[in-house]
Each structure stands twice: as C-alpha cells, then as structure tokens.
Amino acid sequence: LSDSLNDADDDGICDGVDSCLNDAENDSDGDLLCTIVDSCPQDALNDADSDALCADVDECAHDTENDWDSDDTCADNDPCPHDAANDFDSDGICGDVDSCAEDPSNDADSDEICFPDDICEYDAEHDADSDEICGDVDSCPYDAGNDIDSDAVCQNVDSCHLDAWNDADSDTICGNLDVCSLDAENDVDGDGICGDVDSCEYDSLNDVDSDTICGDEDSCATDALNDADGDGICDSADSCLGDGLNDADGDGICDGADSCLGDALNDGDGDGVCDGVDSCMGDALNDADGDGVCDGVDSCLSDSLNDADDDGICDGVDSCLNDAENDSDGDLLCTIVDSCPQDALNDADSDALCADVDECAHDTENDWDSDDTCADNDPCPHDAANDFDSDGICGDV
C-alpha cells in the first residue's frame, strides 16, 4: 500500500521501508552493508583478518596467514603460529625462534649442540675422559678409570693413581711401585726387610749376636755378652773378662789377679815387694843391713855402716873406722889418732917432727951443726967440720 514499487526484490519487505532495495538477502550478515555492496555478505566482520577471504569461506577468519604452520590451529588461538609443533619441548619458546626446538633446557651446557643430538646435554666437554659417563654425573670427569684406586682422588689430580694410600711413607715413590710402601727410607740397611717391619731397620745383620740390641746401637755388635765388665772392650776381645780395669799396667796379668797393680814389672826380683815400690828392684835381698844400699850393689853386705871412710874396707872389719887412710904407716895407730900418720916410729927422736917431714928422723937436734949430716950418722954432731984435723976429736970438744 502506498508503495508503487511494492517489493521489487521480493524479500518480503516493501521497498518503501526496505533498507536494501533490490537486495533479496538484505544485510544477511548484519554488518549494515547490503549484500549487493557487501564484499563479504555472509561475514559480519567483512574479512576481519584482511586475507581476502570472507569468514564464511575462511577457516581462520582472524588469521591473516590462515594457519601458516598448518597445525590446524589458527593464529588467533595458536600460541606458536609459526611452529607446527607448538613449542614441542615446552620451554615457552616457539620452535620458529627456539635455537633448540626439541631441547627444553636449550643447550644447557652451552656446547652449541642441542638435545637429543647432545648425548651429554649437561656436559660441555662431552664425556672428556671417554668413559661413557657424562661429566655432569661422572665423579671423575677427567679420569676414565674413575678413581681406580678408590682413594677418593681422581687420577687427573692423584699423584699416585694406582696407590690408594697415595705414597703413605712420603718418599715420592707411589705404593704400587714402592717395594717398601710404608718405609720412607726403603730398607736403608739393605737386608731385604722394609723398615716398618724390620726389628733393626739400620742393622743389616739384624742383631746378629741376639742380645736384643741392634747393631747400629750395639757397641759390641757381634758379642752377645757385650762389655759385661764395662771396660770399653767387648767380651769377645777382652783378655780380662769380668775385670773392668783389665791389665792397666800391661804386664800380661789382669788387674783382678795382679798382686802389683799399676806395676808392669810386678815383683821382678821375687822379694814380695812390687817393683813400683821396691827400693831395690832386681835385688831379692833388698837392703838386708838397712844401710840404704841395695844388697845387689852393697860392697859391704850385712854391714849397715858400710865403708863410711871410703877406704875400701867395710866398717865391720875396718880396724880404723872413719879413717880413710887407716894405719897408713903400719904403727898400729889409726891415722885419725896417729900424731905422725906417715911415721911408723912416731917421731922417734921426739923432736916434735914426724919422720915424713923430719930430715933427721933420728936426730933430736936435727943436724945441729948444719953439715947436712944427721946426728945419727954424724960422728961430730956439733962440729960442722967433722974433726977437721982428723985427730979423732970433734972440733966442739
């Protein structure tokens, strides 16, 4: 009614009130665009993603790239629109920008090899010792033997990798090579017994005399009795066993049995007096007469006075004691009491002149007339001319 055009597009809406004349579908998608002018008559958003595909034919109406990664998930719902695996390793990094798309740790050891290609994903050196144990779980990452001696020290830092005690004796020789692994001096005495078990480590004969004293400390290494008497001489070489003084005087008699200690000659003359104190050595009788002269050199044995006057006659038989000349003139008067010791007649003429000095021993007047003829031979003792006239009468008478 009142509409001369009626409903030209036969949409059931009179043209007078039809907002989309000549458009039977009118604005079917409700985008306020009539179908005849709507590029996407069934797409209210009119190709919202601008991919030239209307939503009614666009599987990903809001995805310009239309599920670029072909994972059947449109970009508007796809956390990783360019990663078909959608962050396969679940590391929060999409595969298209993930350097290690299948490695959730993203090359944890920074060796530029991603898991699963990296057999040791946490070991940048890839099992450096080639023991098939990755470094991150290998107790000894640089020791293929993995501490073969079980000393808790890996070979690469173990000075003795085959010695669990690590050179226990500190002799710079490892125990597996050290014949004496607990002996720093390595059998110093060369007896084939290591010091740690050698009862005498510095004695190659190992107490050969069995006196419980090792040779290096035993002053008598081959003598079990050692130096019993403490004289500094081992018993095996001690000529005076049990005698600390030995034979001090060197007389061949041990001091313990030497009657003359300190006297090498002992009692040479057998007089019971040791030579050291014997005033008459070599003289068994000594000085029997007590005159201070040993009998061996005493010219007057048993005569204590000897020959005091040195006249060659022992006092015991000397008729003139203390008189060296004895009775030199044979007048039976000893010189010391003889007024004329050289005059046997003892001043026979009583002129007070002994014959040895009296020119006229028998002339009391001693050649009174001075005629050089003593009275006992002068016929005229008072006549110097001696009867000059030869009348038989001396001149003085």
With only alpha-carbon pairs counted, each pair once and no self-pairs, how large is the Kirkwood hydrodynamic radius of region 128-282 in angstroms? 21.4
Taking only Cα atoms of region 306-397, what ratio of Rg to Rh do you get with Rh as the Kirkwood inverse-distance radius? 1.28
Regarding region 149-235, what are the three Cα extents along the principal axes, ordered largest first, in Å? 63, 17, 15
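Accessible area per residue, 1.4 Å probe, Å², for region 348-397: what's the number? Don't skip to the end; give the middle numbers.
Values: 3210 Å² over 50 residues.
Heavy-atom accessible area per residue stands at 64 Å².
Could you state the per residue volume, in Å³, of the convex hull enclosing the Cα atoms of the chain?
Details: hull volume 161.8 nm³, N = 397.
Convex hull volume per residue, Cα atoms: 407 Å³.
Please work out the average accessible area per residue across region 167-278, using the 1.4 Å probe convention, and give it in Å². Walk me through the numbers on the way to the answer.
Details: 6210 Å² over 112 residues.
I get 55 Å² per residue for this part.
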Mind jotting down the distance between the C-alpha centroids of region 69-89 and region 112-144, whole Å? 34
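Ignoring ligands, DNA and RNA, what accessible area per residue does region 70-129 give at 1.4 Å, in Å²?
Details: 3460 Å² over 60 residues.
For region 70-129, the solvent-accessible area averages 58 Å² per residue.
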If each part is reduced to its alpha-carbon centroid, region 335-397 and region 239-272 end up apart, in Å, by 78
I'd like the isolated cysteines in the chain, meaning no second cysteine's beta-carbon lies under 4.7 angstrom from theirs. C14
For region 66-153: span of alpha carbons on each principal axis (Å, largest first): 65, 16, 16
If I model region 73-121 as equal point scatterers sitting on the Cα atoms and use the Debye formula, what is log10 I(q)/I(0) at q = 0.21, 0.29 Å⁻¹? -0.64, -0.99
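Wrap a convex hull around the Cα atoms of region 228-290, take a quarter of its surface area, and give that in square nanometres.
On the way: hull surface 16.9 nm².
Dividing the Cα hull surface by four gives the mean projection, 4.2 nm².
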Square roots of 5 times each gyration tensor eigenvalue, C-alpha, region 15-115, largest first, Å: 47, 8, 8
A 1.4 Å probe over the protein heavy atoms gives region 272-331 a carbon and sulfur accessible-area percentage of 53
Taking the Cα centre of region 20-102 as origin, sum charge times position over the Cβ atoms of Lys and Arg (+1) and Asp and Glu (-1), and report the length of that vector in debye to the nearest 20. 340
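Can you sort C334, C240 by 1.4 Å-probe accessible area, starting with the largest?
On the way: C334 25, C240 5 Å².
Putting C334, C240 in descending order of accessible area: C334, C240.
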Computed over the chain, the relative contact order (Cα-Cα under 8 Å, seq sep at least six) in percent reads 3
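The values are calculated or read from the model by the stated rules, or taken from the named source; none is laboratory data. All values derive from a computational prediction rather than experimental measurement. Cβ atoms come from the backbone with ideal geometry, glycine included; neighbour counts cover every protein chain shown. All accessible areas refer to the heavy atoms of the entire protein, side chains included, with ligands and DNA or RNA removed. Shrake-Rupley method; radii C 1.70, N 1.55, O 1.52, S 1.80 Å.
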